[in-house]
Amino acid sequence: MSAVAGSTWELDISLPQWLEVPAGDVGTGVDTRVDIEQWRADVAAVFTLLEEVDSQLGDDAPQNGLALDIPRAIDGLLEFSATLPDGHHIVAGLALPGRWPLPVVIAVTPTDESYDLLAAAGARGGSPIEAPTVDYLPEELGDGVRVTRLDLDDDGAVWATVGCARRAAGLDTVLTWRTTELDLVPSFSPYLESLVGSVRVGSAE
């Protein structure tokens, strides 16, 4: 069972595609269910191995030709996790050579019938550059959508936000990933759909 499992859902993922990030306040001790120093050491070993694998891929140079600052990357994931509200968790995508870790926020909440899946996935509100793109999730994933939208931040940078939302068993599962590296969107979006399917809704007994 996933370390981020709750009473109504669990996460069925594994390396080398996905890495769970402990939840909690970094300043006061991250997630008491996790030995954080051991987690750091284990993740550093995984990242080092992935860099070695990436370096053997020829044209797909690791981290766009730059060596990853592994301690800083780990700190960044933990700090991001610590900023999230209760019930939100981070999973880092590691599947794209040289472009990882890609943090995805997962939230599973009781369904609010007044709030549709398009809103949950980010298709409504704000002032996107153009109309968000909406795709239905594969039939085997049930009632769900994937939304891709582009927005400008205060500095004029373009951000892509990809949200996947699925409704089942009285719960809404919402995944959110944001990036300024727009070329990653077509490559990483299918992995988000597979991640939705890895969220198992039901009793965590």
Choice from Gly156, Gly87, Gly170 showing the highest fluctuation, given a GNM over the chain with Cα pairs closer than 10 Å = Gly156
request  = Mind telling me which of Ala95, Ala157, Ala107 comes out most flexible in a GNM of the chain, alpha-carbon contacts under 10 Å?
outcome  = Ala157
Length-normalised contact order of segment 9-201 in % [C-alpha pairs under 8 Å, at least 6 apart] = 20 percent
key: Choice from Arg72, Arg99, Arg149 with maximal GNM fluctuation in the chain (Cα, 10 Å cutoff)   = Arg72
ask   = Within a Cβ distance under 10 Å of Val199, other residues only, what is the Lys/Arg minus Asp/Glu net charge?
value = 0
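Each value in this text was obtained by applying a stated rule to the coordinates, not by laboratory testing. All values reported here derive from a predicted model rather than from experimental measurement. With ideal geometry, Cβ positions are generated from the backbone for all residues, glycine too; neighbour counts draw on all protein chains shown.
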